[in-house]
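The values are calculated or read from the model by the stated rules, or taken from the named source; none is laboratory data. Source: prediction; values computed, not measured. Cβ sites come from the backbone with ideal geometry, for glycine too, and all protein chains shown count toward neighbours. For accessibility, only protein heavy atoms count, side chains too; no ligands or nucleic acids. Shrake-Rupley method; radii C 1.70, N 1.55, O 1.52, S 1.80 Å.
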Amino acid sequence: MDSLATTSLRMPELEARVAAEPGRFRVLTGERPTGRLHLGHYFGTVRERVRLQSLGVETVLVLADYQVITDRDTADNVTTNVRDAILDYLAAGMDPASTTIFTHSSVPALNQLLLPFLSLVTESELHRNPTVKAELAASGRSLSGLMLTYPVHQAADILFCKGNLVPVGKDNLPHVELTRTIARRFNARFGPVFPEPEPLITATPEVPGLDGRKMSKSYGNAIALSMTADETAAVIKKSQTDSDRMITFDPVNRPGVSALLTTAALCSDIEPEAIAEHIGAAGSGALKDYTIDAVNTRFAEHRQRRNELAADPALVTELLLAGNSRANEIAEATFDEVRAAMGMLYRVL
């Protein structure tokens, strides 16, 4: 398995190939619809998808509704979360003409790939996956079969559409490596069907939440893309800082202050240290006002487009039906290839 350092060294050459021949690549990306998309999603993944789309790379985007229950007892609000995510994708610039957006639960053939793929991995390989290990350590409960096979489900997401380019942060690199292993083992055992996808290491910024921890829906520290300007101001004003009026960028010792500086920096394209120097001894109140203005200015057009899109209730439904139909066509064709390679494709003679 390649290390992060080794993979990173290949990125300039890969980026050059993508820019030169974008039509040779198909990207698979997505997320679990567990809540509203927030600034961490936007700066971490959404704008990278828009960039690749603008280069001419075909994109397949999965809203992994089945994976919501890998580590949760309920899938409450999943329909609303899916619709909200699609509105944010469109507002951010995703184009359904070149991006297929679909939901896991609507594509049976994708999920059927789990069976042959599970025959190609060992239990120990699954337990070694960092996501599985972290969930087991954090949950305090028995590991479910769905959580254990989560990495294989992600491999099915990538390979059902023969995705050959997967944008990832450093934490998700092992998922792509396992997918490459599954593709290689399937091809060796049954015949050449799948490409070995290449990871595209993205320069994903660490977007802190309002409490200094990683921005996360589960922590309740996120600024959602769909918030209004007033809602944004309210959550930022409630954030915890400290009593030192001199504003400095010190993520270790001043997590609250530094989180606001980082958020303002991402939204204004100014370094956090420069913002801290600009505010100086004006205190946390001035910092919060600066951050509110930076966020609301950066996302004013996004929110306006989102509101315009949301005014047509049928838009998301029609887009998702079209995306699900397209994903089913792709998945069924791939699964036919898989069954043929395995000698399990039965035709009427």
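Charges were assigned to the Cβ only: +1 to each Lys and Arg, -1 to each Asp and Glu. The resulting dipole of the chain about its Cα centre is roughly 640 debye.
Under the criterion of Cα pairs below 8 Å and six or more residues apart, the relative contact order for the chain equals 21 percent.
The chymotrypsin sites (Phe, Trp or Tyr not before Pro) found in segment 72-171 include none that occupy coil by DSSP while having at most 12 further C-beta atoms within 10 Å.
How large, in percent, is the carbon and sulfur part of the accessible surface of segment 228-349 at a probe radius of 1.4 Å? Using a 1.4 Å probe with all protein chains present, segment 228-349 comes out at 55 percent carbon and sulfur. At the residue level, K217 shows approximately 60 square angstrom of accessible surface with a 1.4 angstrom probe and all protein chains present. In terms of its C-alpha gyration tensor, the chain has a prolate overall shape, because the principal axis ratio a/c (a ≥ b ≥ c, square roots of the eigenvalues) is not below 1.5 and a/b outweighs b/c.
Straight distance only, please: which aspartates and glutamates reach the Cα of K214 with their own Cα at less than 14 Å, same-chain residues fewer than 8 apart left out? Here the aspartates and glutamates satisfying the reach criterion relative to K214 are D171, E206.
Projecting the alpha carbon convex hull of segment 127-180 along each direction and taking the average yields 3.9 nm². A simple spin-label model places the labels of E123 and I69 2.4 nm from each other, with each point 7 Å out along Cα-to-Cβ. A dipole drawn for the chain from +1 and -1 charges on Cβ atoms has a positive end, and of A19, H153, I236 the residue lying farthest that way is H153. If you look at the Cα atoms of segment 1-130, you get an Rg and a Dmax of 16.7, 46 Å. On a straight-distance basis, which aspartates and glutamates could pair with K237 in a cross-link, Cα separation under 14 angstrom, same-chain partners fewer than 8 positions away excluded? Filter leaves D211, D289, D293. With all protein chains in place and ligands, DNA and RNA left out, the 1.4 Å accessible area ranks E231, E123 as E123, E231, largest first.
The figure for L146 is an accessible area of roughly 60 square angstrom, using a 1.4 Å probe on the protein chains alone. The local environment of V152, defined by Cβ-Cβ distances under 15 Å, has a net charge of -1 under the rule Lys, Arg +1 and Asp, Glu -1. Mean residue ellipticity at 222 nm, helices only, the chain: -16000 deg cm²/dmol; runs of at least 4 DSSP H residues each add -39,500 (n - 2.57), and the sum is divided by the number of residues.
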